[in-house]
Amino acid sequence: MILTIALLLSFQLAGLLLVTLLGLPVPGPVMGMVLFLFALMTVDGLFEKTLPVVNVLLAHFALLFVPAGVGIIEHFDRIESEWAAISASIVGSSILAMAVTVLVTRLVLKLTAGKSKTGGSRAS
């Protein structure tokens, strides 16, 4: 368990270093997750070794929202003065995310429907 957590923190550190050195406009932990995803896809057995610990971390995922709550309380004055812009951006981005999801789902269904018609016989 400790080795897996150390591995996850190593990927976060690698992401932070990469973002800092290259000046990328991406948060370091996000870059670390991308690096970890590539490692999961390329290193044999890594998924199976990390899965039990990752499941435990995901079971306690709600604890990760505590820092966000503290940030909201600490910056309450700013949120109070800019609530309209914050609300508009949240509603707008939610609508945009739903619209993109619908479009991508329709595209995937259209592409997979075309493959199932030409893909040979299927038992029903």
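The values are calculated or read from the model by the stated rules, or taken from the named source; none is laboratory data. It should be emphasised that the depicted structure is a prediction, and the values quoted were computed from it without experimental measurement. All Cβ positions, even for glycine, are placed from backbone atoms using ideal geometry, and neighbour counts span all protein chains on display.
Couple of notes before you dig in:
- Filtered residues of segment 32-54 (kept if over 24 Å from Leu21 (Cβ atoms), at pLDDT 90 or above and part of a helix (DSSP H, G or I)): Leu46, Phe47, Glu48, Lys49, Thr50, Leu51, Pro52, Val53
- Filter pass, Val19 being farther than 18 Å from Leu3 by Cα, in the same structural domain as Ile2 (by TED's automatic domain parsing), touching a helix residue (DSSP H, G or I) at 6+ places or on another chain (Cβ under 6 Å) and of a type in the set (Val, Ile, Thr): yes
- Screening Ile90, Ile72, Ile79 for residues that are modelled with pLDDT of 90 or more, of a type in the set (Val, Ile, Thr) and not assigned by TED's automatic domain parsing to the domain that holds Leu8 leaves exactly one candidate, Ile90.
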